[in-house]
Amino acid sequence: RGAKGLPQDLAGRHVVVSAGGTREPLDPVRYLGNRSSGKQGYALARTAAARGARVTLVAGNTELPDPAGVDVIHIGTAGQLRESVLKAAADADAVVMAAAVADFRPAVYAPGKIKKQEGQEPEPVTLVRNPDILAELSADRARPGRLVVGFAAETDDVLANGRAKLARKGCDLLVVNEVGEHKAFGSAENEAVILATDGTETPVPYGPKEALADTLWDLVAPRLAGPGR
Ligand code: CTP
Ligand code: CA
């Protein structure tokens, strides 16, 4: 046990956590963003470090300070997040995708600010799909024993959607959050169910994001391959 009496069950492990929202630029002054605060991912990074892990935190837009004792890489777009996560994941024991990755980006980036045209309505914005980083990590089993964890934010049929998403994405664990006006986004609390490919379903009662983070690491630690290095 470490100084704070926490289990050091992630000692010798490298874990990668992505957090916060990505921003997809339209022009030099505008972007498409989302409401992710980054709090859940930051809580995951802090708790993993407290349990002995070497932590790489790939952070999208957030107002949170860099956690102590964690390697933080700040990124903007989903493309940049993908590059940083895949690079850090090369020697990782676990990758947790808590980031809210933009599903779409503007098809064209205007290098100059888009201006109003007298008497004209604006051009519609065409969107294209971003690569699915979680699916890519899950499909890449070249490094056996690397555990992949996804997050899902759902509004209706939360469990059914979560189970379908776990199967579709191919990750090992999926944290399913119900989102609504007052849930998850921006709040310091969270409520979730953690689904595992072995059929285990772990409910996490409404509480601090730190508590959810600790429950997730409780599920991750025994599933890691081999001894820590
Ligand atoms: N994710 C990702 N790359 C993307 C989109 C999402 O890696 N381009 C990851 C997120 O970090 C999260 C998980 O996929 O861990 C699920 O995100 P979610 O938005 O709930 O799922 P999607 O497959 O994008 O489905 P939906 O159409 O419901 O948004
Ligand atoms: Ca999505």
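The values are calculated or read from the model by the stated rules, or taken from the named source; none is laboratory data. Everything numeric in this text was worked out from a predicted model, so none of it was measured. So basically every Cβ, Gly included, is an ideal-geometry build from the backbone, and we count neighbours across all protein chains shown.
Structural remarks
- Qualifying residues in the stretch 14-56 (those that are touching a His at 6+ places or on another chain (Cβ under 9 Å) and assigned to a strand (DSSP E or B)) - the one nearest to LYS113 (Cα to Cα): THR56
- Filtered by the rule that a residue be touching a helix residue (DSSP H, G or I) at 6+ places or on another chain (Cβ under 7 Å) and either part of a helix (DSSP H, G or I) or more than 10 Å from ligand 1 (Cβ to nearest atom) (or both), the stretch 157-182 gives LYS169, GLY170, ASP172, LEU173, GLU178.
- Applying the criterion of being of a type in the set (Asp, Glu) and surrounded by fewer than 23 Cβ atoms within 10 Å (Cβ to Cβ) to the residues of the stretch 88-107, the residue that is nearest to ligand 1 (Cβ to nearest atom) is ASP103.
- From ALA192, ALA164, ALA188, residue being away from ligand 2 (no atom under 16 Å from the Cβ) and surrounded by fewer than 19 Cβ atoms within 10 Å (Cβ to Cβ): ALA188
- Complete set of residues in the stretch 86-98 that are over 23 Å from GLY186 (Cβ atoms) and in a loop (DSSP other than H, G, I, E, B): ALA90, ASP91, ALA92, ASP93
- All positions within the stretch 131-148 that are of a type in the set (D, E, K, R) and within 12 Å of ligand 1 (Cβ to nearest atom): ASP132, GLU136
- Matching residues in the stretch 65-76 - criterion: being touching a residue at least 40 places away in the same chain (Cβ under 8 Å) and in contact with a helix residue (DSSP H, G or I) (Cβ under 9 Å, 6 or more places away or on another chain): ILE75
- Screening the stretch 99-156 for strands (runs of 3 or more DSSP E) wholly inside it with 1 or more residues that are among the basic types (Lys, Arg) returns the ranges 104-106, 127-129.
- Being within 16 Å of ligand 2 (Cβ to nearest atom), of a type outside the set (A, V, I, L, M, F, W, C), loosely packed, with under 15 Cβ neighbours inside 10 Å and over 30 Å from GLY12 (Cα atoms) holds for only one residue in PRO131, PRO124, PRO111, and it is PRO131.
Yes/no per residue for (1) among the β-branched types (Val, Ile, Thr); (2) out of contact with any Pro (no Cβ under 6 Å at 6 or more places or on another chain); (3) buried (at least 20 other Cβ atoms within 10 Å of the Cβ):
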{"site": "GLY5", "(1), (2), (3)": "no, yes, no"}
{"site": "ALA19", "(1), (2), (3)": "no, yes, yes"}
{"site": "THR22", "(1), (2), (3)": "yes, yes, yes"}
{"site": "ASN34", "(1), (2), (3)": "no, yes, no"}
{"site": "GLN40", "(1), (2), (3)": "no, yes, yes"}
{"site": "GLY119", "(1), (2), (3)": "no, yes, no"}
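- Qualifying residue in the stretch 115-130 (condition: near ligand 1 (Cβ under 9 Å from one of its atoms) and either at negative phi or more than 14 Å from the chain's Cα centre (by Cα) (or both)): yes
- Which numbered condition GLU83 fails, given (1) outside any loop (DSSP other than H, G, I, E, B); (2) touching a residue at least 12 places away in the same chain (Cβ under 8 Å): (2)
- Evaluation of ALA110 against (1) under 26 Å from ASP218 (Cβ atoms); (2) at pLDDT 95 or above; (3) in contact with an Asp or Glu (Cβ under 7 Å, 6 or more places away or on another chain); (4) away from ligand 1 (no atom under 12 Å from the Cβ) (one fails), failing number: (1)
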